Amino acid sequence: MDIRKKTQFMTMTALLTAIAILIPIIMPFKIVIPPASYTLGSHIPIFIAMFLSPLMAAFVIIASSLGFLMAGYPPVIVLRAFSHIVFGTLGALYLKKFPEILDKPKASWIFNFVLGVVHAIAEVIACIIFYATSGTNVENMFYVLFVLVGFGTIVHSMVDYTLALAVYKVLRKRR
């Protein structure tokens, strides 16, 4: 990688990292019903990083988790944010091998849905681990885990992916 490409990579990573940290701190549109939380746009920097590089995606995900921590979210939500490392890394590795998916609407939609399911499974597992180790009463946990966190995450993930893909395509044309 030449010096110009390295500089571009570092700059893009830094910008996406800054955005990923700021979104949970300053976003006025958020719904928090622990362990569920829906912060509009919180996955957009992660998805854009995922479209570009597995390393960039991992770095931005860690930064995003720190953003949720700094914003004062409950620990279970910070753990859910860190679980993004699963879908972000897997998605980025898949896109590295098959980048043309982003340009095929049907394939991109299927990829988006599968990614949303993987995303939701990782977040539900994060919640189960948190509640199993914290001694929290798990009454009504099925509804909380599978409807609020599971289904809610799939929808939230798919919306943010769609927004991120639109932004990414516009930025890619500008290069």
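The values are calculated or read from the model by the stated rules, or taken from the named source; none is laboratory data. No experiment lies behind these values; they were computed from the predicted model shown. Ideal geometry is used to build each Cβ from the backbone, glycine not excepted, and the neighbour counts take in all protein chains shown. Heavy atoms of the whole protein, side chains included, go into the accessibility calculation; ligands, DNA and RNA do not. Shrake-Rupley method; radii C 1.70, N 1.55, O 1.52, S 1.80 Å.
Can you pull out the residues in the stretch 127-175 that are aromatic (Phe, Trp, Tyr), over 17 Å from the mean Cα position of the chain (by Cα) and within 20 Å of Phe87 (Cα to Cα)?
Those that are aromatic (Phe, Trp, Tyr), over 17 Å from the mean Cα position of the chain (by Cα) and within 20 Å of Phe87 (Cα to Cα): Phe130, Phe146.
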Pair list, Cβ under 9 Å, 6 or more apart: the stretch 20-35 residue under 27 Å from Thr136 (Cβ atoms), other residue among the basic types (Lys, Arg) and outside any helix (DSSP H, G or I) = Pro24/Lys30
Are there any pairs with C-beta distances below 6 angstrom linking a residue in the stretch 158-174 that is in a helix (DSSP H, G or I) to a residue that is open to solvent by less than 70 Å² (accessible area, probe 1.4 Å) and among the hydrophobic types (A, V, I, L, M, F, W, C), with the two at least 6 apart or on different chains, and if so which?
-> Asp160/Ile44; Tyr161/Phe47; Leu163/Ile44; Ala164/Ile44; Ala164/Phe47; Ala164/Ile48; Tyr168/Ile48; Tyr168/Phe51
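With respect to Ile44, is the statement that it is open to solvent by 10 Å² or more (accessible area, probe 1.4 Å), touching a helix residue (DSSP H, G or I) at 6+ places or on another chain (Cβ under 9 Å) and under 15 Å from His119 (Cβ atoms) true? So that I can check it myself, show each step before the final result.
Values: open to solvent by 10 Å² or more (accessible area, probe 1.4 Å): yes; touching a helix residue (DSSP H, G or I) at 6+ places or on another chain (Cβ under 9 Å): yes; under 15 Å from His119 (Cβ atoms): yes.
Judged against the criteria, Ile44 is a match.
Out of curiosity, is Pro105 more than 25 Å from Leu15 (Cβ to Cβ) and open to solvent by less than 10 Å² (accessible area, probe 1.4 Å)? It would help to see each step written out before you state the result.
Values: more than 25 Å from Leu15 (Cβ to Cβ): yes; open to solvent by less than 10 Å² (accessible area, probe 1.4 Å): no.
Judged against the criteria, Pro105 is not a match.
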Answer residue from the stretch 108-120, given it is in contact (Cβ under 8 Å) with a residue 24 or more places away in the chain and open to solvent by 40 Å² or more (accessible area, probe 1.4 Å) and is nearest to Ala57 (Cα to Cα) among those | Val118
Out of the stretch 121-135, which residues are modelled with pLDDT of 95 or more and either acidic (Asp, Glu) or loosely packed, with under 14 Cβ neighbours inside 10 Å (or both)?
-> Glu123
Could you check, for the stretch 59-77, whether at least one of its residues is touching a strand residue (DSSP E or B) at 6+ places or on another chain (Cβ under 6 Å) and under 18 Å from Val124 (Cβ atoms)?
-> yes
Which one is modelled with the lowest pLDDT, of the residues in the stretch 137-158 that are among the β-branched types (Val, Ile, Thr) and open to solvent by 60 Å² or more (accessible area, probe 1.4 Å)?
-> Val138
